[in-house]
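Below: one structure, written as structure tokens.
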Amino acid sequence: MKKIILFISVLLFSFSSLVSAHGPVRQKVEEDITINAPAEKVWAIIKDFGDMSWLPAIKSTKVEGGNTKGAIRVLTLKDGGTITEELKKHDDKAMSYAYKITEMSTAKTITHAGVEEKVPVLPVDNYAASIDLTEQGGSTVVSWKAGYYRAYMNNNPPEEMNEEAANSSVTGILKAGLQNLKALAEK
């Protein structure tokens, strides 16, 4: 009987240790906007994976592979940083595409818990997103969805790489991009 109680105690202790040791939680952001223009007009602005001129933070884009799955684009930001993305899906008929970030430059280096940490230009890790257009009676609903983790994958992240920093950055980019897309398409 003592062996069973000891075994159950060890099992419960092990389980409680696993439960309390957790890392980052996958974050999700979705931004939608209704644009008073036909979907074909809006799609014409964003369908080229290599043209990100509609996104305000982007200075220039280089692409290899066009709109085919596996295409790679390198975004140069206005502040000089770079983000490399891979096209995962592109569907002209459905007016949608999906992509993921594969590499980012470092915005700065900080010391956290006695260790030098590189803060990426976008404070996220394992970022994937999609943009989908839906025609609604002469208008277009554009939905931009992103899923990601905070940039710091260990527990106790620094302020520059926590969930709040990641969510704020991603939400800001999506909103600014959609607002600018609306302005361009409604001209």
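Every read-out reported here was derived from the displayed coordinates using simple, explicitly stated rules and does not represent laboratory data. Here the structure is a predicted model, which is why all the values come from computation and not from measurement. Cβ placement follows ideal geometry from the backbone for every residue including glycine, while neighbour counts extend to all protein chains displayed.
Please go through the residue pairs Lys93/Lys175; Lys62/Lys182; Lys59/Lys100; Lys118/Lys145; Lys69/Lys187 and name each one whose alpha carbons sit more than 22 Å apart in this structure. Spell out each step's value before the answer.
Details: Lys93/Lys175 25 Å; Lys62/Lys182 24 Å; Lys59/Lys100 19 Å; Lys118/Lys145 26 Å; Lys69/Lys187 31 Å.
Exceeds cut-off: Lys93/Lys175; Lys62/Lys182; Lys118/Lys145; Lys69/Lys187.
Starting from the Cα gyration tensor of the range 78-169, multiply each eigenvalue by 5, take the square root, and state the resulting semi-axes largest first in whole Å.
On the way: eigenvalues 206, 36, 25 Å².
Semi-axes from the Cα gyration tensor: 32, 13, 11 Å.
Convert 25 °C to kelvin, take the viscosity as 0.890 mPa s, use the Kirkwood radius over C-alpha pairs of the range 24-89 as Rh, and evaluate the Stokes-Einstein diffusion coefficient in µm²/s, rounded to a whole number.
Details: Rh = 13.6 Å.
Estimated via Stokes-Einstein, D reaches 180 µm²/s.
If one computes P(r) from the Cα atoms of the range 24-185, what percent of pairs lie at distances over 19 Å?
Details: 7249 of 13041 pairs.
Distances greater than 19 Å cover 56 percent of the Cα pairs.
Where the only charges are on Cβ atoms (+1 Lys, Arg; -1 Asp, Glu), what is the dipole of the chain about its Cα centre, to the nearest 20 debye?
Details: 22 positive and 23 negative charges, 87 e Å.
About 420 debye.
Could you work out [θ]222 nm for the chain from helices alone, using -39500 (n - 2.57) per DSSP H run of at least four and dividing by all its residues? Round to the nearest 500 deg cm²/dmol. Intermediate results must be reported in sequence, preceding the final value.
Working: 3 runs with 50 residues, N = 187.
So the calculated ellipticity at 222 nm is -9000 deg cm²/dmol.
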